[in-house]
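The structure appears right after this line, and notes come after that.
The values are calculated or read from the model by the stated rules, or taken from the named source; none is laboratory data. What you see is a predicted model, and the numbers here were worked out from it, not measured in a lab. Positions of Cβ are backbone-derived with ideal geometry, glycine not excepted, and every protein chain shown enters the neighbour counts. With ligands, DNA and RNA removed, areas are computed over all heavy atoms of the protein, side chains included. Shrake-Rupley method; radii C 1.70, N 1.55, O 1.52, S 1.80 Å.
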Amino acid sequence: MAGSGKTTYMAQLTRHLGSECYIINLDPAVTHLPYTPSIDIRDTVDYKKVMSEYNLGPNGAIVTSLNLFSTKFDSVLKILESKTSTIKHIIIDTPGQIESFTWSASGTIITSSLSLSFPTIMTYVCDTVRCCQVSTFMSNMLYACSMMYRSRLPMVIALNKIDLQSSKIIKEWMDDYSTFMDAMECTGEESYYNSLNRSLAMTLDKFYSTLKRCSVSGATGEGVEEYLQCVDSARSEFFEGFWKDMETRRDEKIAKGEAVKKESLKRLEKDIEDDKKLKSEDGGEKGEGVKGDDDGA
């Protein structure tokens, strides 16, 4: 979410990896980046011009810029594929307005295209300071769950800003349902929202059990190694589970497309037969009319 320190952490990560990484910026509205991207959407799309030309607000212009960029993403993939022998990681910084990417058609196109070419992992950066509040924590977890459900990709939760606030309590909430319940009881409130939080915590319990999480600091660089270990683990998970799922979905899509083609071909053949039959009947009727005229003459 906004203000979680995503771009600051990106800069720390790129400094740590050095020449091992290739960086892509997909935020068309950012004015300053603390790192130098190898591919920058701003070199292709002028965000302010898009706002002016299409009479859009900030969020609408970001979505439209992404849509325009996604039409050329096949060229980006070719560049990335040519770099695989020299780089280990491709890091992609998405727009600060998270919903502009995760819920847009262009976001889906970009994520799907990447995951068909490379093992792809999604990182959700949390603001640890704010997530120590029960309601904010639950909001973040719901958002993370919905993103994972939509993208169908492995996810790593990076609990950022641990230089300001320890992430220990958040990890305890994820690991132990009763600890989260105790934290809610400490608020001294018995309301609809607490009831809802209890229900959601029970629902997300399975989500937490499979979720990889680490504590990091975009300011100091602490936890980067732990994060990379989570990424390596998620990479294995990608091939074990998510890749098979994608292959199944791809095969289903191809089978569905073939079925549609066959049905269209059948309709075409039927239309041609009906047309021939109609022309034959029309020709027969005209022939009979001419014969009658000859007899009369």
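Within region 118-172, being under 20 Å from residue 198 (Cα atoms), of a type in the set (Gly, Ala, Ser) and open to solvent by 40 Å² or more (accessible area, probe 1.4 Å) holds for 135, 139. Count of region 61-117 residues, restricted to those that are open to solvent by 70 Å² or more (accessible area, probe 1.4 Å), hydroxyl-bearing (Ser, Thr, Tyr) and in a loop (DSSP other than H, G, I, E, B), is 4. With the condition kept exactly as written, say whether any residue in region 233-254 is in contact with a strand residue (DSSP E or B) (Cβ under 7 Å, 6 or more places away or on another chain) and part of a helix (DSSP H, G or I). Looking for residues that are in contact with a strand residue (DSSP E or B) (Cβ under 7 Å, 6 or more places away or on another chain) and part of a helix (DSSP H, G or I), one finds at least one in region 233-254, hence yes.
Against the test of being at pLDDT 85 or above, closer than 30 Å to residue 81 by Cβ and over 10 Å from the mean Cα position of the chain (by Cα), the options 117, 166, 112 yield a single qualifying residue, 117.
Within region 206-254, being open to solvent by 60 Å² or more (accessible area, probe 1.4 Å), more than 20 Å from the chain's Cα centre (by Cα) and hydrophobic (A, V, I, L, M, F, W, C) holds for 219, 254.
Screening region 46-60 for residues that are without any contact (Cβ under 8 Å) to a residue 40 or more places away in the chain, of a type outside the set (Lys, Arg) and assigned to a helix (DSSP H, G or I) and picking the one that is least open to solvent (accessible area, probe 1.4 Å) gives 50.
Take residue 20 and decide whether it is more than 30 Å from residue 161 (Cα to Cα) and open to solvent by 30 Å² or more (accessible area, probe 1.4 Å). No, not satisfied.
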